[in-house]
């Protein structure tokens, strides 16, 4: 595991791993919806770490401000910012995982339904792949 040079990127990096570890605990306890919710936050945080590592230090404060509001939870928006700042394109396997998790939303916090265990396991597997790939880019 690499540690991002930017202090701001490190914060999101550490949060990504913490939320993902918490998601695994919830999945093992059969709390599948909570597991998907937290794993999704892990993906969001690692994407934000990638963005912050890609932008120049002078642009970081403005980028951090842009992380407020609903748009900042959208994976495609974060990916676009990353790519606009010379971030590496996602390899085919990560694009596949990204497509699988891309319908994640903070609306899960208001969902009383239970995510099927198989779907939750697949989601966490894809989230793990994305987090590990991103880690290698930092």
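The values are calculated or read from the model by the stated rules, or taken from the named source; none is laboratory data. All of these numbers come straight from a predicted model, not from anything done at the bench. Here the Cβ positions follow ideal geometry from the backbone for every residue, glycine too, while neighbour counts run over all protein chains shown.
Is there a residue in segment 64-86 that is out of contact with any helix residue (DSSP H, G or I) (no Cβ under 9 Å at 6 or more places or on another chain) and in contact (Cβ under 8 Å) with a residue 40 or more places away in the chain?
Within segment 64-86 (the criterion being out of contact with any helix residue (DSSP H, G or I) (no Cβ under 9 Å at 6 or more places or on another chain) and in contact (Cβ under 8 Å) with a residue 40 or more places away in the chain), the answer is no, since none of the residues qualifies.
Here is a list: 38, 27. Which entry is in a helix (DSSP H, G or I), modelled with pLDDT of 95 or more and over 16 Å from residue 106 (Cβ atoms)?
27
Test each condition in (1) within 15 Å of the chain's Cα centre (by Cα); (2) within 19 Å of residue 21 (Cα to Cα) for residue 109 and report the one that comes out false.
The single condition residue 109 does not satisfy is (1).
Considering every residue within segment 4-19, establish whether at least one is in contact with a helix residue (DSSP H, G or I) (Cβ under 6 Å, 6 or more places away or on another chain), within 27 Å of residue 122 (Cβ to Cβ), in contact (Cβ under 8 Å) with a residue 40 or more places away in the chain and surrounded by fewer than 22 Cβ atoms within 10 Å (Cβ to Cβ).
So far as segment 4-19 goes, no, none of its residues is in contact with a helix residue (DSSP H, G or I) (Cβ under 6 Å, 6 or more places away or on another chain), within 27 Å of residue 122 (Cβ to Cβ), in contact (Cβ under 8 Å) with a residue 40 or more places away in the chain and surrounded by fewer than 22 Cβ atoms within 10 Å (Cβ to Cβ).
Here are some residues: 30, 117, 49, 54. Which one is out of contact with any strand residue (DSSP E or B) (no Cβ under 9 Å at 6 or more places or on another chain), in contact (Cβ under 8 Å) with a residue 12 or more places away in the chain and within 15 Å of residue 16 (Cα to Cα)?
49 is the lone residue from the list that is out of contact with any strand residue (DSSP E or B) (no Cβ under 9 Å at 6 or more places or on another chain), in contact (Cβ under 8 Å) with a residue 12 or more places away in the chain and within 15 Å of residue 16 (Cα to Cα).
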